[in-house]
Amino acid sequence: MLEEKQLQKRTGNLVFKNAWDYDPAPESSGHIQLRETYDLFINGEFTAPEEGRYFATTNPASEQKIADVAEATKPDIDKAVQAARNAYNKTWGKLSGRERGKYIYRIARMLQERAREFAIIESMDGGKPIRESRDADIPLVAAYFFYYAGWADKLQYAVPGVEPKPYGVAGQIIPWNFPMLMAAWKIAPALATGNTVVIKSAETTPLTAYKLAEIIQDAGLPPGTVNIVSGAGETGAEIVNHPDIDKIAFTGSTDVGKLIQKSLAGTKKGYTLELGGKAANIVFEDAALDQAVEGIVNGIFFNQGHVCCAGSRLLVQEGVADKVYHKLKDRIETLIVGDPLDKNTDIGAINSKSQLERINHFIEKGLEEGGEMHQSSAEVPSNGYWCKPTLFRNVSQSHSIVQSEIFGPVLAIQTFRTPKEAVEKANNTPYGLSGGIWTDKGSKIFQMGQNLRAGVVWANTFNKFDPTSPFGGYKESGIGREGGLHGLLPYLKIN
Ligand code: NAP
Ligand code: MG
């Protein structure tokens, strides 16, 4: 073995501890333009909040402030809704589908042109690895705008036999885990169908929505067509309860979704709720195991497990359980936890201090309840919020970490003997958003897919998205679908 000093001599400044250690490959963020303060985007202009309140948005990898962001209160929401109503009555709502489509295509193209900038800011503000924001989030954002731009002049084919009409003003509330992607899922179909929008970003990740506001300005959309506000839960509640909003689209936790559903009961507002999940990846003995292990790792560890449809449970057939467990152990040992802007990083920063506390709470509970835990030996930076990839086995259906959505890089592993048992275990949670099946047999995929109570079931892959496919959940995972033709319908009155 060469001593560290000898190694340094031979390789310049580079010191390799292991053959699989990579040199840092940071994405440069020098060209990114960020303001020190972001005001609300209302009626086509950046507008100071009425009550003059601002909050800081920080980089969860460094705990440093990035910018101050306006907090919208009731008078601001009133203004935003009024602007959206005017645009609906006088400008956007009067345009033909063909004209609307042109604007949406323009947004999509501009997003593609500025993709790198968006990816970097998404990673800085939210903590996700640049590889994810660059290769998945932002390309998908553009793809959803392109897809819905195509629908704008074809709505009569979406619902044959009826002439669909827009709702009017849509109020939209999004979470922090996919800030831009969730904005695209909401804004693109609303615009394609002729609605106007008031959208609220999440408190910890407001920046890219305001960068999108710049694109909306540059694309020349009539003022008031899209209004973007920021703030905490109270700001969201102002949108939900505003009397001049016609439709609510919410993505977030099941708890808040239930509150929203209660406050909408008895009103004429339409709504869609895209809520939590606790997906099971089901691995059969006949599966390609190395491929399955990659899918499991992609499903729960990349993106820090901050994914509603994350494969946070593994159900593995008994005969291969030990083998899969050891392969997983080996694989997570190679995952790099750290700087989200480093192109080698697999697991970035946990989005916020409170989210890290929530994850740690569940890890402690898992141990208290008798689970056997294994964490990788990854070194994590001293500043910022981090969680090493974590496996739990010897857990049963009643364990909190099997039932609750943790929203972190924590995988609960159980075994099964028969397909029936796998289905029973997979379905036995309050959620039903997604699932995964790994097997060599097509017939098993169809049989399992039919019996899983989940909105999306992936087979021999995981976490794949496409704008043409509907996405949404069963049970407490939500109501309604986003994406594809189905994603148009909640924005249309079809009677
Ligand atoms: P959250 O706490 O429910 O927050 C979601 C959004 O709602 C945020 O903008 C939040 O503002 C706002 N909000 C909070 N309380 C509100 C209230 N009483 N009325 C109106 N709005 C309110 O969820 P999160 O922690 O940000 O996001 C994670 C959750 O989203 C997970 O459960 C995940 O599964 C789910 N999710 C689901 C999907 C899907 O498609 N099914 C996709 C992505 C995420 P603040 O940010 O200021 O709290
Ligand atoms: Mg932030």
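Before moving on, here are some points about what is shown:
- Neighbourhood net charge (10 Å Cβ-Cβ; Lys/Arg +1, Asp/Glu -1) for residue 439: -1
- R0 of 35 Å, Cβ-Cβ distance residue 162-residue 234: FRET efficiency to nearest 0.05: 0.35
- Helices in the chain, meaning DSSP H runs of at least 4 residues, each add -39500 (n - 2.57). Divided by all residues, the mean residue ellipticity at 222 nm is -11000 deg cm²/dmol.
- Summed over the residues of the range 280-466 and divided among them, the accessible surface reaches 39 Å² per residue at a probe radius of 1.4 Å.
- With 30 Å as the limit on Cα-Cα distance, the pairs of 323/353; 420/464; 323/464; 247/343; 128/444 that go past it are 323/353; 247/343; 128/444.
- Among the chymotrypsin sites (Phe, Trp or Tyr not before Pro) in the range 259-306, none is located in a DSSP loop while being surrounded by at most 14 other Cβ atoms within 10 Å of its own Cβ.
- Segments 103-113, 177-187 sorted - mean Cβ within 10 Å per residue, highest first: 177-187, 103-113
- Per DSSP, loop GluC sites (Glu not before Pro) in the range 48-87 with at most 14 further Cβ within 10 Å: 51, 63
- Dipole axis of the chain (+1 Lys, Arg; -1 Asp, Glu on Cβ), positive-most option in 480, 276, 389: 480
- Label sites at residue 485 and residue 396, each approximated as a point 7 angstrom past Cα along Cα to Cβ, lie 4.7 nm apart.
- Restricting the trypsin sites (Lys or Arg not before Pro) of the range 397-495 to loop positions (DSSP other than H, G, I, E, B) with no more than 14 neighbouring Cβ atoms within 10 Å leaves 417, 441, 464.
- Neighbours of residue 75, meaning other residues whose beta-carbon lies under 9 angstrom from its beta-carbon, give a summed charge of -2 when Lys and Arg score +1 and Asp and Glu score -1.
- Counting every alpha-carbon pair across the range 159-270, the share separated by more than 23 Å comes to 27%.
- The listed residues 339, 76, once ranked by accessible area (1.4 Å probe) with the largest placed first, stand as 339, 76.
- Taking the protein heavy atoms of the range 280-466 in the context of the full set of protein chains, the accessible area attributed to carbon and sulfur is 46 percent at 1.4 Å.
- Remark: accessible surface ordering of 400, 253 (largest first) is 253, 400, probe radius 1.4 Å.
- Extension gain for residue 217 to residue 367 (0.36 nm times residue separation, less C-alpha to C-alpha distance): 48.9 nm.
- Measure of compaction for the range 280-466 (Cα Rg per 2.2 N^0.38 Å): 0.97
- Relative contact order of the chain, pairs being alpha-carbon contacts under 8 Å that are 6 or more residues apart, as %: 17 percent
- Overall dimensions of the chain, expressed as equivalent-ellipsoid semi-axes from the Cα gyration tensor (√(5λ), whole Å, largest first), are 38, 28, 20.
- Taking every alpha-carbon pair under 8 Å whose residues sit at least 6 apart, the range 280-466 reaches a relative contact order of 30 percent.
- Full-stretch length increase - residue 446, residue 89 - with 0.36 nm per residue and alpha-carbon distance subtracted: 123.7 nm
- Relative to one another, the C-alpha centroids of the range 229-249 and the range 69-86 are positioned 9 Å apart.
- Cα gyration tensor shape of the range 373-495, rounded if a/c is under 1.5, else prolate or oblate by comparing a/b with b/c: oblate
- Take the Cβ atoms of residue 45 and residue 377, set R0 to 60 Å, and the FRET efficiency comes out at 0.70.
- For residue 34, the solvent-accessible surface computed with a 1.4 Å probe is close to 60 Å², ligands and nucleic acids excluded.
- Between residue 32 and residue 344, the modelled label-to-label distance comes to 2.1 nm, taking each label 7 Å out from Cα in the direction of the beta carbon.
The values are calculated or read from the model by the stated rules, or taken from the named source; none is laboratory data. Because the structure is a prediction, the values reported are computed rather than measured. All Cβ positions, even for glycine, are placed from backbone atoms using ideal geometry, and neighbour counts span all protein chains on display. Surface areas here come from the heavy atoms of the whole protein model, side chains and all, with no ligands, DNA or RNA. Shrake-Rupley method; radii C 1.70, N 1.55, O 1.52, S 1.80 Å.
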